[in-house]
Amino acid sequence: MHAGVLFDADTGAVVIGHVRRTTAVWERMRGLLGRTAITPDNGLWLLPCNSVHTAFMRFPIDVVFLDRSLVVLHIVPALAAWRSARQPRARSTLELAAGATAACELTVGQRLRWQVHA
């Protein structure tokens, strides 16, 4: 698992300051299960991933589906427990605290850039 930052690719502004990126099958399957919360400036980036579920989750999450170039394809705000979301064209999925997408003003079509923490 790698830790890093997601920036707006056009403006350079930090979008999410602390993102854990995982490509490991078991880590992707577990996602945020077992946690009691996630803070607004933290996220989990699942790669590859085009669908998520919130079975057994204790809190709602914002879900952001990204294409191969890290362009936001779709945003699902405050996905409640025992729900699922899917975006067939997505290459990866970002799981954030409920309300984080509105707070950082993420929009469909926005291009992001990833940078690993040094």
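The values are calculated or read from the model by the stated rules, or taken from the named source; none is laboratory data. Bear in mind that the values here come from a model prediction, so they are computed numbers and not experimental data. All Cβ positions, glycine included, derive from the backbone under ideal geometry; neighbour counts span all protein chains shown. Ligands, DNA and RNA are stripped out before the accessible areas are found, and what is left, the full protein with its side chains, is counted by its heavy atoms. Shrake-Rupley method; radii C 1.70, N 1.55, O 1.52, S 1.80 Å.
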Completion exercise
Rounded to 0.05, the calculated FRET efficiency for the beta carbons of residue 37 and residue 107 at R₀ = 35 Å is 0.90
Exercise for the section: Step through the residues of the stretch 52-61 one at a time and calculate ³J(HN,Hα) from phi using the Karplus curve (6.51 cos²θ - 1.76 cosθ + 1.60, θ = phi - 60°), rounding each to whole Hz and writing x for Gly and Pro. Expected result: 9, 10, 10, 4, 6, 6, 9, 7, x, 9
Handout entry: Under-5 Å amide H pairs with residue 99, H placed in peptide plane, nonlocal only
Key = 62, 78
Fill in the blank from the handout: Out of 85, 100, 55, a Gaussian network model of the chain with alpha-carbon springs under 10 Å gives the largest mean-square fluctuation to 55
Problem - With at most 14 neighbouring Cβ atoms within 10 Å, loop chymotrypsin sites (Phe, Trp or Tyr not before Pro) (DSSP) excluded, longest segment of the chain - result: 1-55
Practice task
Convert each backbone phi in the stretch 99-109 into a coupling constant with the Karplus relation 6.51 cos²θ - 1.76 cosθ + 1.60 (shift: θ = phi - 60°), then list the ³J(HN,Hα) values in order as whole Hz, x for Gly and Pro.
Solution key: x, 5, 5, 5, 5, 9, 6, 5, 9, 4, x
Practice task
Would you please give the residues with an amide H less than 5 Å from that of residue 16, counting only those at least 5 places away or on a separate chain, with H modeled from the backbone geometry?
Solution key: 6
Fill in the blank from the handout: For residue 18 the rounded accessible area (nearest 10 Å², probe 1.4 Å, non-protein molecules ignored) is 90 Å²
Handout entry: Relative contact order (%) - the chain, alpha-carbon pairs under 8 angstrom, separation at least six
Key = 30 percent
Practice task
Could you order 89, 83, 21, 111 by accessible surface area, starting with the largest, using a probe radius of 1.4 Å?
Solution key: 89, 83, 111, 21
Completion exercise
Rounded to the nearest 10 Å², the accessible area of residue 67 using a 1.4 Å probe with every protein chain kept is 40 Å²
Completion exercise
Expected unfolding gain across residue 14-residue 67 under the 0.36 nm per residue rule, minus the alpha-carbon gap, is 17.2 nm
